[in-house]
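Just below is one structure, and these are the notes that go with it.
Rule-based calculations on the coordinates, nothing more; no lab input. Nothing here was measured: the structure is a model prediction, and the numbers come from that model. Neighbour counts are summed over all protein chains in view; Cβ atoms, including those assigned to glycine, are modelled from backbone coordinates with ideal geometry.
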Amino acid sequence: MITLNSVSRTYGWRHRRALHDVSLSLPDAGVVALVGPEGAGKTTLMQILAGLTAPSSGTISMDGRALPAREALGRAMMVSPSQYFGELFGSSLVKYAQLRPEWDQGLFDQYLERFALSPVLLHWKAVRRFSRAQIAILMGSIALASGAPITLLDEIQAPLDEAAREGFYEEIRTLAAEAAAGRRPRRLFVLSSSAACDLDTVADEVIVVKSGELVVRENLDNFKQRTGVLVGHGADVDRFLSTRPDLEPIASRDDGATREVVLDRYRSVISDAELAAHSLSTHEGSFQDALTYVVQEAGR
């Protein structure tokens with residue numbers, strides 16, 4: 001288990017705050033979604049976990065003992081499609097990753113084939129000349145094949161289309177399941193995103209940060225249960241809400257004549273009789289609904 005105790009990180013002579021007093025524990029296996037608005041501190045948190053950045057204050061430990069940055073560097077791999085590559089060729093990045101003792105060349109070759117990234121391309125074209133999707137596929141494939149016990153993927157899914165993104169998540173789920181079954185060493189995956197995307201299809205736990213502070217750390221099911229959605233004809237929804245001023249809508253969206261209103265599920269007690277009387281229905285909110293809600297609440 002990796003534990004951050006009151007970790008803060010500031011930058012520059014003005015001490016711009018990237019993280020403030022973050023305390024949390026992460027398991028040594030599973031998939032964690034790290035989400036929050038742009039500039040929330042997600043990348044800084046991942047850099048600290050990877051040993052790439054030292055905290056300005058606070059401590060990091062693993063299984064109760066201090067985790068020096070040098071050891072973190074050996075255990076972790078962090079990748080992002082926005083990294084600076086200079087004139088490096090893809091083959092150079094692969095050769096560097098192959099130095100890791102856990103590297104799995106078979107997996108890497110499998111990913112290149114699945115996501116249609118030509119091995120020839122890695123040898124004759126600088127990475128910075130790849131498309132953003134090709135960079136994401138290359139860096140994601142390197143990270144997954146690296147076997148790093150702590151694998152940190154910073155917005156790696158953002159440039160991918162829906163099919164490639166789901167394929168990438170499927171590969172992560174497979175690795176996580178094989179590790180859980182004991183067919184591979186235990187391994188932690190942390191995926192960051194400024195939007196929820198489809199992270200609820202792959203993550204076991206959710207961490208939300210905003211303005212450098214930890215807002216929520218929860219398992220996925222509990223997180224998604226934070227919101228409920230009221231559904232009905234727009235006029236019926238408005239009429240019902242006018243009778244219930246205690247209900248504070250988090251968001252509203254229309255699809256033709258149908259309106260959906262997102263509500264705090266824990267504060268919004270609506271009886272079946274009320275729903276029937278107004279021709280309404282409810283269902284659980286989405287991952288994005290829950291994220292929108294907790295970020296709004298953190299700003300109050």
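Rounded to the nearest 20, the Cβ-based charge dipole of the chain about its Cα centre (Lys and Arg +1, Asp and Glu -1) stands at 1380 debye.
Counted residue by residue at 0.36 nm each, then reduced by the alpha carbon distance between them, the extension gain from Glu166 to Ser56 reaches 35.9 nm.
Gyration tensor over the Cα atoms of segment 1-149: the corresponding equivalent ellipsoid has semi-axes (square roots of 5 times the eigenvalues, largest first) of 30, 18, 13 Å. Is segment 151-300 rounded, prolate or oblate when judged by the Cα gyration tensor, a ≥ b ≥ c being the square roots of its eigenvalues, rounded requiring a/c under 1.5 and prolate requiring a/b larger than b/c? Since a/c reaches 1.5 and a/b is larger than b/c, the shape of segment 151-300 is classed as prolate. Among the chymotrypsin sites (Phe, Trp or Tyr not before Pro) within segment 9-106, those in coil by DSSP and having at most 13 neighbouring Cβ atoms inside 10 Å are Trp13, Tyr84.
Once you wrap a convex hull around the alpha carbon atoms of the chain, what is its projected area averaged over all directions, in nm²?
Across all orientations, the chain yields a mean hull projection of 18.7 nm².
Candidate cross-link partners of Lys95 among the lysines, defined by an alpha-carbon separation under 17 Å and a same-chain spacing of 8 or more, comprise Lys125.
Taking each DSSP H run with n ≥ 4 as -39500 (n - 2.57) and averaging over every residue of the chain yields -10000 deg cm²/dmol at 222 nm. Within segment 8-59, the percentage of alpha carbon pairs spaced more than 19 angstrom apart rounds to 27%. In terms of Cα atoms, the Rg and Dmax of segment 189-245 work out to 16.1, 46 Å. Relative to the current alpha-carbon distance between His123 and Glu284, full extension at 0.36 nm per residue lengthens the span by 53.1 nm.
Among all helices in the chain defined by DSSP H, which have a length of 20 Å or more along the axis from Cα atoms plus a Kyte-Doolittle mean of at least 0.0? Those that clear 20 Å and a mean of 0.0 are 132-146. Which Cα, out of Ala203, Ala290, Ile137, lies furthest along the positive dipole direction of the chain (beta carbon charges, K/R +1, D/E -1)? Result: Ile137, furthest along the dipole toward the positive end. When the GluC sites (Glu not before Pro) in segment 75-168 are filtered for DSSP coil states and for at most 10 other beta-carbon atoms within 10 Å of their beta-carbon, the remaining sites are Glu87. Basic side chains Lys and Arg get +1 at the Cβ, acidic Asp and Glu get -1 at the Cβ, and with that the dipole of segment 142-300 about its Cα centre reaches some 500 debye. Spatial offset of segment 260-297 relative to segment 153-171 amounts to 29 Å, using the alpha carbon center of each. Using bins of 5 Å that start at zero, the share of Cα-Cα pairs per bin across segment 76-181 amounts to 2, 13, 25, 28, 21, 9, 2, 1, 0, in whole %.
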